[in-house]
Amino acid sequence: MANIPQRVIHDWLRHDKKFPHVWCAGCSNGIVLGSIIRALAGMDIQRDDIVMVSGIGCSSRMPVYVDFNTLHTLHGRAIAYATGVKLHKPHLKVIVITGDGDCTAIGGNHLIHAARRNIDLTVILINNNMYGMTGGQCSPTTPHDAIATTAPYGNIEPDFNICDLAMGAGASFVARTTAFHTQETQNMVREAIEHPGFSLIEVISACPVIFGRLNKKGGAPQMMKEMRDNSVPLAAADKLPPEKLEGKIVRGILRKEIRPEFCAQYADLSKRVQAMGGEK
Amino acid sequence: MNKKTTKAKTTKIEPAEKQPTKLEELQEKRERKMVLMQGNEAVAFGALDAGCNFFAGYPITPSTEIAEILALELPKRGGVFVQMEDEIASISAITGASLAGAKALTATSGPGFSLMQEGIGYAKITETPCVVVNVQRVGPSTGMPTSCAQGDMQQARWGSHGDSPAIVLYPDSVKECYELTIRAINLSEKYRTCVILLLDEVLGHMREAVRLPDMANVRVISRIKPTVPPHWYKHYDENQKYLSPLASFGEGYRYNVTGLTHDQLGFPTNKATEAADMMERLRKKITYNIRDLVQIESYKMEDAKIAIFAAGIVARAAKAAVSMARQEGIPVGLLRPLTIWPFPDDAVRKMLRDVDVVVVPELNQGQLVREIQRLVKDRSDSKLIKIQRVNGKLISPTEILRKMKEGM
């Protein structure tokens, strides 16, 4: 972070008429955006070649504020729109900003199939454990027994482990971090963008105004502290006995492997078919 | 050693021995200009001739041949074919691809068309060119997947939530499937919107001898590109009858696209004036250009006292009914809209002025007839005969003739 001046974030934002932003005080989305911008600013990428795609939700409002090609789509469909963009212009860097409800409830189908295809998208999933924009309803990542406006007596459903889901579907890069760990997020974003294949970063975030209030988590500082104290890096987690890992957030790159990428495979197929003498 | 030589020889002569695929045969015939093809095949070749270079779709009867042909053809031409996980993903992917600069199309049938409605609304509000082909089958729900119906006429107009004008084309022959697919892509590019092509199941699968035009005679329209520097670019510029330039992602114009109500630059707004401007723009884009959009065939209407108003495959039967009636000395004519939305109000009203009886046969429970009722409601001198059917069977010319005589 030291080698990137503060001015960077300002430079990468759109200023005309976009602010104040929609996020509540204490929200983690802006912190994650900062990490993303710092990661991109440290890479050799032109802004014209970055497409930021999002669905619907608090985190999905992010693209409006940044100076890239930005596409704010329908609830759950960001990955499907991103697939179209990427397939037509594979040289573009396509980053998908999404949330837990957007990506794993209504958009779950697109997530697993994009992971299966291993298309080179970078999905940054900001997980605040419920639907923030609509006011605190239960999502697939709301913890068991947690309170939500649509689970006023406590949530009886088990929650998704998003990283396991993505890995099960075949994602070739999967990582988890928290909004507290900004430097780690920044490094992961960079690595994910450089990774040639489908990558997903789950960023555990804090929603003090709704989730925090409903579940008596304290304010933003308390929730930040919880992210710090309640998470363990992957290397340390490997050494801990399972009972000590109970309820902990395991941070780190959980999978990174090279598999044939979808756009590259399609280009090969197209070349092969054309060499066979397909007519014009 | 011996084996190796033989193998090498075999490899060498392989291209000559390669059996031509069905499509290569088709292509050869096409070079001779006369070809027997299905409506669905005509749609696929029309799309290719119009410059379609991106298809995302999901298999569904009775439209699947369109996807199959494009899966075979697009990679040969450097285009993209992708089979998505569902129809929602398909409409989303073609919209994304279009914003990246592709001419993109998808094909589906009733159930998939219902799933696509939200995405169609998104393409309309964001003014992103794309084409949805709906080869209609009997509904509601799964209905009769291999049988013919015209039940999606009103869905094509009103299917997506909120107010948004629609451009919907309706062919009646295999040749017209080819022509109207080209027109659909052209109109989508020109008007920056999602254009819908409605086919009847029978038309999708019917084979007819078609003479396709030379490519030199195919008029292809592509979106206007901006010429202004990026900081002057307005994604929704207001000049020229609302037909504004469209930059693609990656060309240096870093704009925002959102399904939220937006201002001229594409940024979300809650201001009443800006919201009203956007809605007016979407409406006027169609109404100001209605003459360019409307196409209607008028057959033996000059002296007609009875008019049959029908679209698609039903109009084919109606045309035969006109000839049969004329032989009996009954002055009947046919009006057939090629553009069903925007509905050609003025043209139809004018053509029906001297007509006493209007017959509206259709393969649904009364979708097209609503528009005719709307146009003739103030006339006491005209009679309306409805012929409606949804059982998977077509309406025959004799049936039209009989019902017409009974009703007269």
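Derivation of every value follows stated rules applied to the coordinates shown; laboratory data play no part. All values derive from a computational prediction rather than experimental measurement. Using ideal geometry, Cβ is built from the backbone for each residue, glycine included, and neighbour counts are taken over all protein chains shown.
Data table
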| item | result |
| --- | --- |
| Neighbour net charge for residue B:276 - beta-carbon separation under 14 angstrom, K R +1, D E -1 | -2 |
| Number of partner chain Cβ atoms within 10 Å, mean per residue of A:266-272 | 3 |
| Packing-based exposure ordering (other Cβ within 10 Å, fewest first) of A:131, B:58, B:299 | B:299, B:58, A:131 |
| Angstrom value of the Kirkwood radius, inverse mean 1/r, which spans all Cα pairs in chain B | 22.7 |
| Region B:295-377: relative contact order as a whole-number percent, Cα under 8 Å and 6+ apart | 40 |
| Three-way shape call for the protein assembly as shown based on the alpha-carbon gyration tensor, with the a/c threshold at 1.5 | prolate |
| Sorted by Cβ density within 10 Å, fewest first, the residues A:199, B:141, B:160, B:298 | B:141, B:298, B:160, A:199 |
| Net charge of neighbours whose Cβ lies under 10 Å from the Cβ of residue A:237, counting Lys and Arg as +1 and Asp and Glu as -1 | +3 |
| Gyration tensor verdict on region B:297-407 (Cα atoms; rounded if a/c is under 1.5, prolate if a/b is larger than b/c, oblate otherwise) | rounded |
| Residue mean of other protein chain beta carbons inside 10 Å, A:60-67 | 2 |
| D (Stokes-Einstein, µm²/s), Kirkwood Cα radius, chain A, 1.567 mPa s at 4 °C | 67 |
| In range of the label at residue B:276: residues from region B:224-247 whose backbone nitrogen is under 19 Å from the point 7 Å along Cα→Cβ | B:238 |
| Protection-proxy order for peptides B:36-49, A:215-228, each taking the mean of Cβ atoms within 10 Å per residue, highest first | B:36-49, A:215-228 |
| Angle between chain A longest axis and helix A:220-229 axis [Cα atoms, degrees, rounded to 10] | 70 |
| Span from the region B:147-190 Cα centroid across to the region B:302-363 one, whole angstrom | 20 |
| Label-point separation, residue A:194 to residue B:219 (7 Å along Cα→Cβ), nm | 5.4 |
| Shielding by other protein chains, B:79-86, mean Cβ within 10 Å | 5 |
| Cβ-based exposure ranking for A:56, B:66, B:387, in which fewest neighbours within 10 Å come first | B:387, A:56, B:66 |
| Per-peptide average of other Cβ atoms within 10 Å, ordering B:207-220, B:300-313 highest first | B:300-313, B:207-220 |
| For peptides B:92-98, A:118-124, A:192-198, sequence by mean Cβ density within 10 Å, most packed first | B:92-98, A:118-124, A:192-198 |
| Global geometry of region B:130-285, whether rounded, prolate or oblate, following the gyration tensor of its Cα atoms and the 1.5 cut on a/c | oblate |
| Neighbourhood net charge (14 Å Cβ-Cβ; Lys/Arg +1, Asp/Glu -1) for residue B:371 | +4 |
| Helical mean residue ellipticity (222 nm; -39500 (n - 2.57) per DSSP H run of 4+; nearest 500) of the protein assembly as shown | -11500 deg cm²/dmol |
